[in-house]
Amino acid sequence: MIALGCDHGGFDLMQEVKKHLEDRKIEYKDFGTFTKDSCDYPDYGKKVAEAVISKECELGILICGTGIGISIAANKVKGIRAALCTDCFTAQATREHNNANILAMGGRVIGPGVALKIVDTFLDTPFSNDERHIRRINLIED
Ligand code: RB5
C-alpha cells in the first residue's frame, strides 16, 4: 500500500500518479488534499509520514508545488527519509543508498512524463542492504 499526499500545487500531478498506480494495479491510500483549493502542505506531509511510520503503508509519495515544503515537513517525523527527486537517477540512488521511504516531487517543476518514470523507478528499486549504507542511515536515526 502506497500513501499519497499533496497540496493544491501538487494536485494535478497527483491525479496522474493515481491513474498510473491504478494501471499498474498498485494499491494506494489517498490522504488528500481532495480539491484544488489552497491548503497547507505540512498537514499532508505529516499524514503520509505517519502512515509510513505506523507501517499502515510501506512507502509514500508526496507532491507540492516544488516538492520542497512537503518533503521538509515529512522529514520532521522520526524515521522518515523523504527524497525530493526530479530525475530517475536520484530516484534509484535514494532507494539503493538512503532506503528513502517517501518520494517527493514538485508539481510545478516536472511534467507527468518524467514524474511517472520517477515513480516507477522509486517503487521498483529495492534498498541495496549494503553495510555502508545501513551504517549511514543508522547515523541519521541516531
Ligand atoms: C504553495 O503555493 C507552495 O508554496 C507549495 O506547494 C510548495 O511549493 C511549498 O514548498
Query - Failed item in (1) buried (at least 19 other Cβ atoms within 10 Å of the Cβ); (2) at positive phi; (3) of a type in the set (S, T, N, Q), with Asn129 passing the rest - result: (1)
Requested in this report: Can you work out which of the residues in region 79-109 that are assigned to a loop (DSSP other than H, G, I, E, B) and in contact (Cβ under 8 Å) with a residue 60 or more places away in the chain is farthest from the ligand (Cβ to nearest atom)?
Outcome: Gly79
Query raised in the report: Would region 51-63 turn up any residue that is hydrophobic (A, V, I, L, M, F, W, C), surrounded by fewer than 18 Cβ atoms within 10 Å (Cβ to Cβ) and within 15 Å of the ligand (Cβ to nearest atom)?
Result: no
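Conditions tested, residue by residue: (1) touching a strand residue (DSSP E or B) at 6+ places or on another chain (Cβ under 8 Å); (2) among the aliphatic types (A, V, I, L, M); (3) under 17 Å from Glu16 (Cα atoms).
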site	(1), (2), (3)
Ile70	yes, yes, no
Ala82	yes, yes, no
Asn99	no, no, no
Pro112	no, no, yes
Ala115	yes, yes, yes
Ile118	yes, yes, yes
Phe122	yes, no, yes
Pro126	no, no, no
Ile137	no, yes, no
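Please go through region 123-142 and give me each residue that is of a type in the set (Asp, Glu) and within 14 Å of Arg95 (Cα to Cα), ordered by number.
Correct list: Asp124, Asp130.
Can you go through Lys36, Lys55, Lys76 and tell me which one is among the basic types (Lys, Arg) and within 19 Å of Asp12 (Cβ to Cβ)?
Values: Lys55 fails: within 19 Å of Asp12 (Cβ to Cβ); Lys76 fails: within 19 Å of Asp12 (Cβ to Cβ).
Just one listed residue meets the conditions, Lys36.
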Query raised in the report: Limited to region 100-113, what total is found for residues that are more than 21 Å from His8 (Cβ to Cβ) and either surrounded by fewer than 18 Cβ atoms within 10 Å (Cβ to Cβ) or of a type in the set (A, V, I, L, M) (or both)?
Result: 2
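Laboratory data are not the source of any read-out in this text; all were calculated from the coordinates shown. For clarity, every value in this text was computed on a predicted model and none was experimentally measured. Cβ sites come from the backbone with ideal geometry, for glycine too, and all protein chains shown count toward neighbours.
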